[in-house]
Each structure stands twice: as C-alpha cells, then as structure tokens.
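A short worksheet on the structure shown next.
The values are calculated or read from the model by the stated rules, or taken from the named source; none is laboratory data. Everything numeric in this text was worked out from a predicted model, so none of it was measured. Reconstructed Cβ throughout: ideal geometry from the backbone, glycine too, with neighbour counts over all protein chains shown. The accessibility values were calculated without ligands, DNA or RNA, using every heavy atom of the protein model including side chains. Shrake-Rupley method; radii C 1.70, N 1.55, O 1.52, S 1.80 Å.
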Amino acid sequence: MSRKENRIYDTVDIMSAPVDNELIQDLGDHVFAIDTLMGGYTGITSSYLIASDKPALIETGSALCAPVVIQALEHLGISRSDLATIVVTHIHLDHAGGVGDIAKAFPNAEIVVHERGARHLADPTKLVASAYRVFGDRMDTFFGPLLASDPARIKALGARDRIDLGAGRHLESFHNPGHASHHVALVDSITGDLYTGDAAGVYVPETSSIRPATPPPDFDFDLAINSIEAMKAVRPKRLLFSHFGPVDDVDIIFGQSIEQLNYWVEWVTDAHLNGLDLDHAVLLAQEKDRANNSEFFANRAVADKFEELSSTEAQVQGIWRWLETKS
Ligand SMILES: [Zn+2]
C-alpha cells in the first residue's frame, strides 16, 4: 500500500501504532478525545471517553481502529472491567465498526444504540453487505469487518432516552435522523457538550469548514434540517464532532451545516431536474463545491484526506437517492 501525504500510518501498521498524547486530547471535565487513526490518518475520526464514575466510550471508530482505541482507553486508566458503556451515535462503520472488538475487550460494557440500529449490531450481515456496496474494496483497507455483539448486552434507545454516567451525570439522547434513520444525538448533563455524530455534517478543523454528510441509503434532507434545528434547540455549550473534534462556535457551525446542506441539495436537484445522469451530477457538484469552498480546497492534503473519508460521489448518490424516493 502506498503511503499518502498526510497519512501517518499505513492501515496495516495501525495495530502497532503507539498511542501517545498526540492521539488523546483532554477536553476537561473528564472528557477525552481519542483519535482513532482511521485509514492511517490523524484528524478524521474521533472516539470520546467520558471518564466518569461509570465510564462511557462514545463512538468506537471502525473495526480496524479498535486496537488504537483499546490501547488509548488503557492509557487513560480504564481497566478491562471498568468500561460501563459503549454508545454509538449511529451504526455506520466509521462510528460503530469497532463495537464488537471493543465489547470483547471490555466485557462489562453495555452497548447502547438507537433501536433501529440494535439488531444490526447483533447480526451485522446486512449492514456489512450494504457497506461493501457503497465502499467496495475500501471496506478491507479503511473499515474492516464488524464483529457481532451479544444481544443480551445491547440496550436500544428510544426517541428520547438517558444513559447513566454515575454520580448524577448522564447523557440525554434524542433521535435525530436525516443522515441515517438510526442516528441519535447525545448531550452531557454536566458539560452541555453535544455529540453530533454525522448529523451536523463533517467538521474540518484545519480550515474550519463544514462538509456534507449525505450518503446513501437513507439520507433525507427534511429530516436532516429538522435534526439540526433540534440540536440547536438544546443550546449546547460545545459540539463534539466524530469527524472531527471539538467546536466552541456552536451557532456559526450550525449555520454552516444548514448552508452546506442547502447548497448540495440544490446542486444535485438542479442536475436531476435537468436530466443529467449521476456521473454528471457528481462532476457538477465537484465544480460548484470547488468554487464555493476555495479555502478548503486550498489545503490539498486535507481535501484529499476528507474526500477519502467522505467522497463527493457518495454525498451526491445519497441526495440523488433521496430525490428519487420522494418523487
Ligand atoms: Zn454516518
């Protein structure tokens, strides 16, 4: 495998990548961000640990990243019997692919996921087949297989729910579909942090840009906008993006999330109405995107890294599919 610019480890090297302070960021109030080194890149996919009385891991990263996350949890003093909860915002494999491996390593942890995702963690066959259709052979180099979890350890979240963190602290969860039907947002009762998953798009810290997160199979524009409004309504103090990192400028970033969604849906809708095929719609979106987001594209290495995480083609396909199913 060729080593790409900005990629610090080949995917095959991740198992032996040392977890040092550069991969762990102390965000205060016992919250730690863990860079999962997805695809060998730093700065694209994060897990978070709330090291409270009942320690909770939020997002696992992909299965290939599980060794990094397990090592980071050990580094942070979480023993094999300590971890109480593994919660994922949704079951896409860059967020939940490591659930099986991490649950195996931390046998007391309860696995928490929205009720629409629960059965797929118990039996990932369909989820993995669908990921192969979207990602092809990148599944083996970027994501890895999702191991099945014991259904007895899975707690399914309803529309609104609560995850106990001990000592009076908890995470409030609420269903926020749009990016995916099985997506939840999580709010920390002590810090006011909101774990956005992919519901506010992808945040690029290097350029402070928001990128779309509109992949198939169940992106829904109206639900996605409603979900951003619902997240705004809880007045979070800080946003913790799974891609990537903490953001304090909550209002500005939510504004960008809505703006980018509107742009992308407008571009793809225009292409669709004008009778373009999907390939030409992708080209059109690329052209508009470059014209609109020159700052993001000026940083070539970062643009390439995020394109690999979240390709233009996949975003256009998701919107295209939504247009076809609603018409
Ligand atoms: Zn996702």
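Observations
- Accessible surface, the chain, averaged per residue in Å² (probe 1.4 Å): 41
- Taking label positions 7 Å along the Cα-Cβ direction at both ALA298 and THR325, the computed distance is 3.8 nm, reported to one decimal.
- Across the chain, counting alpha-carbon atoms alone, Rg and Dmax equal 18.5, 58 Å.
- Share of carbon and sulfur in the accessible heavy-atom surface of the chain [1.4 Å probe, %]: 48
- Residues LYS104, LYS326 ordered from highest to lowest accessible area at a 1.4 Å probe: LYS104, LYS326.
- Against the chain, whose longest principal axis comes from its Cα atoms, helix 312-326 is set at around 80 degrees.
- For the set LYS54/LYS104; LYS232/LYS326; LYS237/LYS326; LYS155/LYS237; LYS126/LYS155, the pairs lying more than 29 angstrom apart at their alpha carbons are LYS237/LYS326.
- Normalised by the number of residues in the chain, the mean separation of alpha-carbon contacts (under 8 Å, six or more apart) gives a relative contact order of 14 percent.
- Reported to the nearest whole Å, the Cα centre-to-centre distance from the stretch 85-160 to the stretch 232-294 is 26.
- Degrees between helix 300-309 axis and first principal axis of the chain (Cα, 0 to 90, nearest 10): 70
- Helix 125-135 and the longest principal axis of the C-alpha atoms of the chain enclose an angle of approximately 40°.
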